[in-house]
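This report refers to the structure that appears directly beneath it.
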Amino acid sequence: MTRRAVARVSGDVQGVGYRWFVRGLAQAAGLTGRARNLPDGRVEVVLEGDDDAVAGVLAALDGPRAPGSVTAVDVRDETARGGSAFTTE
């Protein structure tokens, strides 16, 4: 089953390689989407693909290997849209 999840990650997550960390996880899991810095200091992560793969990457967003310091991850599901790659902005 395909899932699209949007996560907003709070903490010290900008300027520490966090988006590139997420990109590596997403690409390894075969997911599409994006990671981008938000003006308020959070990082927005959009993941789309296999439900189990999305769940695995979501679980790693605040895991011990994540760069910086994550204080919260807020996730909402959206309707899948399809995509061809994972990008960083």
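Some values worked out for this structure:
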read-out: Count of residues meeting criterion [surrounded by 14 or more Cβ atoms within 10 Å (Cβ to Cβ) and of a type outside the set (Val, Ile, Thr)] in segment 37-54; value: 8
read-out: Filter result (within 12 Å of the chain's Cα centre (by Cα), in a strand (DSSP E or B) and in contact (Cβ under 8 Å) with a residue 40 or more places away in the chain) within segment 11-44; value: Thr32, Gly33, Arg34, Ala35, Arg36, Asn37
read-out: Selected residue (criterion: surrounded by the most Cβ atoms within 10 Å (Cβ to Cβ)) from residues of segment 5-25 that are basic (Lys, Arg) and over 10 Å from Arg42 (Cβ atoms); value: Arg19
read-out: Matching residues in segment 67-79 - criterion: being exposed (fewer than 15 other Cβ atoms within 10 Å of the Cβ) and either basic (Lys, Arg) or not in a strand (DSSP E or B) (or both); value: Arg76, Thr79
read-out: Residue selected from segment 26-36 under the condition closer than 15 Å to Gly82 by Cβ and not small (Gly, Ala, Ser), by the criterion surrounded by the most Cβ atoms within 10 Å (Cβ to Cβ); value: Leu31
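Rule-based calculations on the coordinates, nothing more; no lab input. Predicted model, so just to flag it, every value in this text is computed and none were measured. Note that we place each Cβ from the backbone using ideal geometry, even for glycine, and neighbour counts take in every protein chain shown.
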